[in-house]
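The values are calculated or read from the model by the stated rules, or taken from the named source; none is laboratory data. Fair warning: this is a prediction, and the values are worked out from it, not measured in the lab. Glycine also receives a Cβ, built like all others from the backbone with ideal geometry; neighbour counts cover every protein chain displayed.
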Amino acid sequence: MSILAKHIEFVNGQIEFHEKMVQKQAANSFRSTLHQSTAEKFKALASDLESADKFLDTPPPEVKPTRNNKPLQLSLSIEDIEGLPDELIKELSLSDADKMEFEIVNATEEAGGIISLDKLLIALYKKTGEIHKRNSLYSKLSRMVTKDLIYYVPGKKGVYSTEQLSSENVSKMFGGVKDVQEAT
């Protein structure tokens, strides 16, 4: 018996009671009308409960699998362009922002999959020769986190990862060390 079925039995009992009271109070039209109105409300409630019960019994619609159970992305990723000849890459519509995201993900992967903001600033300078402003890089990283390109490392301020890590994994990796401080 489903959880709603026991309530449907109660509601049906109330319908029967109020229908009997309609006939019993036939001489008193005011009371008869009140009982009739209440019986109609209980009938509507019973119908709604039965519909909800049937809905809960139907299996959920089959969800088509996506890559890594993430929403499909139309924008290019590093994996998409990795290994492509320069001639083809030049034909792609890659913005400077895309290239910057690729550089950030590459620097993070080269650092072992986890990198601090300070180390990222240094890695980007060594790779591109550009000096990035801390605040603008932090903003860029925040946008990348919302796009699931990189992830915050739980409990570690200013530390990013190419994979989503649990607090337990972070604790094992860093030995329970408190937050890495960052001046933003």
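Here's the yes/no breakdown for (1) in contact with a Gly (Cβ under 8 Å, 6 or more places away or on another chain); (2) not hydroxyl-bearing (S, T, Y):
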| residue | (1), (2) |
| --- | --- |
| S95 | no, no |
| M100 | no, yes |
| K119 | no, yes |
| L124 | no, yes |
| L149 | no, yes |
| Y152 | no, no |
| K157 | no, yes |
| E163 | yes, yes |
| G175 | no, yes |
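Can you say whether L76 is farther than 26 Å from F174 by Cα and assigned to a loop (DSSP other than H, G, I, E, B), as far as the supplied structure shows? Break it down into steps so the answer makes sense when it comes.
Numbers: farther than 26 Å from F174 by Cα: yes; assigned to a loop (DSSP other than H, G, I, E, B): yes.
Against the criterion (farther than 26 Å from F174 by Cα and assigned to a loop (DSSP other than H, G, I, E, B)), L76 qualifies.
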Total residues in segment 158-172, condition in a helix (DSSP H, G or I) and polar (S, T, N, Q): 3
Hits in segment 144-157 (condition: in contact with a helix residue (DSSP H, G or I) (Cβ under 9 Å, 6 or more places away or on another chain) and assigned to a helix (DSSP H, G or I)): M144
Pair list, Cβ under 9 Å, 6 or more apart: segment 36-48 residue in the same structural domain as E19 (by TED's automatic domain parsing), other residue among the charged types (D, E, K, R) and loosely packed, with under 13 Cβ neighbours inside 10 Å: A39/E16
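Can you give me the number of residues within segment 26-62 that are of a type outside the set (S, T, Y) and either touching a strand residue (DSSP E or B) at 6+ places or on another chain (Cβ under 7 Å) or at pLDDT below 85 (or both)? Please lay out each step first, then the result.
So in segment 26-62, the residues of a type outside the set (S, T, Y) come out as 26-28, 30-31, 34-36, 39-46, 48-50, 52-57, 59-62.
Right, trim to either touching a strand residue (DSSP E or B) at 6+ places or on another chain (Cβ under 7 Å) or at pLDDT below 85 (or both) and you get 53-57, 59-62.
The number of residues fulfilling the criteria is 9.
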Residues being small (G, A, S) and assigned to a helix (DSSP H, G or I) - total across segment 85-141: 5
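Here are some residues: L76, L88. Which one is over 19 Å from the mean Cα position of the chain (by Cα), among the aliphatic types (A, V, I, L, M) and at pLDDT 75 or above?
Numbers: L76 fails: at pLDDT 75 or above.
Result: L88 is the single residue among L76, L88 that is over 19 Å from the mean Cα position of the chain (by Cα), among the aliphatic types (A, V, I, L, M) and at pLDDT 75 or above.
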Residues within segment 108-156 that are in contact with a Phe, Trp or Tyr (Cβ under 8 Å, 6 or more places away or on another chain), farther than 24 Å from E168 by Cα and either of a type in the set (D, E, K, R) or loosely packed, with under 12 Cβ neighbours inside 10 Å (or both), tallied: 1
